[in-house]
Amino acid sequence: MVSPASGALPATLLEQLASYDTPTICNALEVIDPAYRNHGFNTEPLRCIYPAMPAVLGYARTGTIRAVQPTRWSAEQQKQVRLRWYEYVDEGGPKPSLIVLQDLDGARAGFGSFWGEVNSHVHRGLGAKGVITNGSIRDIPQNVSDFQMLAGSVMPSHAHVHVVDVGVPVTVAGMAVQSGDLVHADQHGAVVIPDACAAEIPAVVALLTAKEAVVIAAARQADFSWHALKAAFQKSADIH
């Protein structure tokens, strides 16, 4: 069994982080450390299945799947691996969780879907807020409510889909994730929130919001011009 991640952050902080959209989280991380302009978020497109849903936030439960060819394990071995996956989803770290599942089938990723009506209900019942995968999903109208899905594609069949490994480091749509990472996702995509940065984000968001508000307010004025924009940029820069 994979060891649980370190203790969860305070619930009030998690609630605050979940109230932001993913671009806002990315903006804040870029201020905290410019290195986050280059990594920590998906760099390949993901399809958001339920774009009207608010952002979701959770601790990563990671794994890998394949679907193009059947597993070489026996039926009993396959059953035990699947049960180990569900045990890990339930007990592998703090909750709420977010599933980050890498499809290993390369150019044919998504050939068969692990995600549909049954698995969405099961994972939501085990405390997951959603899934991020380069694989596929199906059963769009029947999936459990309040469970976000960011996927590489939508496909009709589960083909030979099976769990390969549990709790391992994964890379989904260019985003590297380890078990226990705090992940934020919405219709724009997903981003890993480093533990060391999480508590700084609300203050940085407040500062960036104040700076942006000056420029937006100026742009809404009837006499707006580039001269007014220049003045607004200066006023924004003076906010610290």
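Since every read-out is calculated from the coordinates, none of them should be taken as a lab result. Treat the numbers as computed from the prediction; the structure is a model and nothing was measured. FYI the Cβ positions are ideal-geometry reconstructions off the backbone, even for glycines, and counts take in every protein chain you see.
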Förster radius 51 Å - calculated FRET efficiency between Val122 and Ile239 (Cβ-Cβ, nearest 0.05): 0.60
Could you tell me what a quarter of the Cα convex hull surface of segment 65-175 works out to, in nm² with one decimal place? 6.6 nm²
Using C-alpha positions alone, give me the convex hull volume of the chain per residue in cubic angstrom. 140 Å³
For Ser97, residues with placed amide H under 5 Å, excluding near neighbours: Tyr59, Ala128, Lys129
With every atom except the alpha carbons ignored, what do you get for Rg and Dmax of segment 1-77, in angstroms? 17.5, 51
Of the DSSP H helices in the chain, those whose Cα atoms cover at least 20 Å axially and whose Kyte score averages 1.0 or more: 201-219
Per 10 Å bin, what is the whole-percent P(r) computed from every C-alpha pair distance within segment 28-116? 13, 33, 36, 15, 3, 0
What are the aspartates and glutamates whose alpha-carbon lies under 13 Å from the alpha-carbon of Lys211, with same-chain residues fewer than 8 places away excluded? Asp238
Over segment 75-149, what is the relative contact order in percent, taking alpha-carbon pairs closer than 8 angstrom and at least six residues apart? 34 percent
Considering every pair of different Cα atoms, what Kirkwood radius, in Å, is found for segment 161-240? 16.3 Å
Output the relative contact order of the chain, whole-number percent, from Cα pairs under 8 angstrom with separation of 6+ residues. 28 percent
Go through segment 163-168 residue by residue and turn each phi into a ³J(HN,Hα) via Karplus (6.51, -1.76, 1.60, θ = phi - 60°); whole Hz please, and just put x for glycine and proline. 6, 9, 8, 10, x, 9
The chain - share of DSSP beta bridges that are antiparallel (%, nearest 5): 55 percent
Need one number: nm distance between label points at Glu15 and Glu44, each 7 Å from Cα along Cα→Cβ, rounded to one decimal. 3.8 nm
Which trypsin sites (Lys or Arg not before Pro) from segment 71-102 combine a DSSP loop assignment with at most 14 other Cβ atoms within 10 Å? Arg72
Straight-line reach from Lys79: which aspartates and glutamates have a Cα under 16 Å away, not including same-chain ones fewer than 8 places off? Glu87, Asp165
Which percent, nearest 5, of DSSP beta bridges in segment 90-175 are antiparallel? 10 percent
Within segment 156-240, trypsin sites (Lys or Arg not before Pro) in DSSP loop having at most 11 other beta-carbon neighbours inside 10 Å: Arg220
Can you give the FRET efficiency for Ala206 and Leu229, using 1/(1 + (r/R0)^6), R0 = 22 Å, r = Cβ-Cβ distance, to the nearest 0.05? 0.45
With R₀ set to 30 angstrom, the calculated FRET efficiency between the beta-carbons of Ala52 and Asp195, to the nearest 0.05, is 0.50
